[in-house]
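The block underneath contains the structure these notes are about, expressed in C-alpha cells.
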Amino acid sequence: MNRIDKKFKEDKKLLSIYFSAGHPKLEDTLTILEKLESSGVDMVEIGLPFSDPLADGPTIQKSSTQALQNGMTTQKLFSQLENVRKKIKIPLVIMGYLNPMMQYGIEKFCQNCQKIGIDGLIIPDLPVDVYHENYKSLFKKYGLYNMFLITPQTPETRIKYIDKVSNGFIYMVSSASVTGAKDKFGSTQTDYFNRIAKMKLSTPTVVGFGISNSETYLTAIKHSSGAIIGSAFIKFLEEEGVENIGSFISSIR
C-alpha cells in the first residue's frame, strides 16, 4: 500500500509541510526532512525549484530562485534523496512543474522517484485529462500517485472527474490566487470548504494556500482531511533557521 493511503487511514487530521529543495542552503534538504518528521509532521511536499512557477506566490518564488542560485537541479535533488528512506518513514511528495520533468525525461523522472521512495507528485500545470490520457499508466508503472488541485472556481463536473481519476488526495486550493500566508479565512473560504465536504468525494481532500498559523490550520481541517503549509514555513526558515523547525510545528498544533 502507498504510504499516502496508509497515512490517511490513521484516525487524525494531517499536517503537511511544503519547502523548496535547496533553500535556504543547498544541502539543507535532508536536515529539513529529518526535523519535520521528528516534529510530528505527517507528510512533506518537496518543491522542485523552477524559474517560472505560475502557481506560487512571492515567498515561494523567492525561495525557488534562491535554491536555483544555490545550485539545485533535478539531478541534485535525486542525489540528495538517494538514501532518504533509510531515515524518513512519512510520505514524501515532489511538487514541481512539468517543464523540468520533461527536460529530464518523464519516465526517467518517475523511475528515479520510485528508486528513492517518493510516493507521489503534484504538477500544477499538468491538466487532469492530459494526465489521464498520456501519463496515468506510466505513473502507475512506477507506483506513483499524482495529486490534482481544485479551486473555488472549479466546476462540480470537473471536481467529480478529478475525484474519479485521482489517488492519494485532492489538493483543495483555498482561493483562486497564488500561494501565500493568511492570518485567517473569511466566509468565502469556509463556504467553499463546506461545499466540497458535502460532495462526499471518494478521495481525501487536503487544503493548501493561505495556511499560516493554528487558526487557519484548524479552520481548514474542519471540513477536510488535512492542511498544507508552505509560505509561512519558508518565511520561518529564513527568519528562525532550520534548527528551530520544531517550534514552528508545535505552534500550529
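The values are calculated or read from the model by the stated rules, or taken from the named source; none is laboratory data. Nothing here was measured: the structure is a model prediction, and the numbers come from that model. Cβ atoms come from the backbone with ideal geometry, glycine included; neighbour counts cover every protein chain shown.
Side notes on the structure shown:
- Tally of residues being part of a loop (DSSP other than H, G, I, E, B) and either crowded, with 21+ Cβ neighbours inside 10 Å or within 14 Å of the chain's Cα centre (by Cα) (or both) across the stretch 43-59: 6
- Strands (runs of 3 or more DSSP E) wholly inside the stretch 127-240 that include at least 2 residues being in contact with a Gly (Cβ under 7 Å, 6 or more places away or on another chain), at pLDDT below 95 and at positive phi: none
- Hits in the stretch 241-251 - residues which are under 14 Å from His23 (Cβ atoms) and part of a helix (DSSP H, G or I): Val242, Ile245
- Residues considered: Glu133, Glu156. Of these, the only one that is out of contact with any helix residue (DSSP H, G or I) (no Cβ under 7 Å at 6 or more places or on another chain) and within 25 Å of Lys198 (Cβ to Cβ) is Glu156.
- If the condition is being farther than 20 Å from Asn167 by Cα and of a type in the set (Val, Ile, Thr), then the stretch 198-230 contributes Ile211, Thr216, Thr219, Ile229.
- When Lys89, Lys35, Lys62, Lys76 are checked against the criterion of being assigned to a loop (DSSP other than H, G, I, E, B) and charged (D, E, K, R), a single residue qualifies: Lys89.
- From Ser166, Ser174, residue being touching a Pro at 6+ places or on another chain (Cβ under 9 Å), free of Cβ contacts under 8 Å to residues at least 60 places away in the same chain and crowded, with 16+ Cβ neighbours inside 10 Å: Ser174
- Among the candidates Thr59, Thr29, Thr65, the residue that is of a type in the set (S, T, N, Q) and modelled with pLDDT of 95 or more is uniquely Thr29.
- When we screen Ser202, Ser212, Ser250 for residues that are farther than 17 Å from Glu156 by Cα, free of Cβ contacts under 8 Å to residues at least 40 places away in the same chain, surrounded by fewer than 22 Cβ atoms within 10 Å (Cβ to Cβ) and hydroxyl-bearing (Ser, Thr, Tyr), the only hit is Ser212.
- Residue list for the stretch 56-102, filter: touching a residue at least 40 places away in the same chain (Cβ under 8 Å) and polar (S, T, N, Q): Thr59, Ser63, Ser64, Gln66, Asn70, Gln80, Asn99
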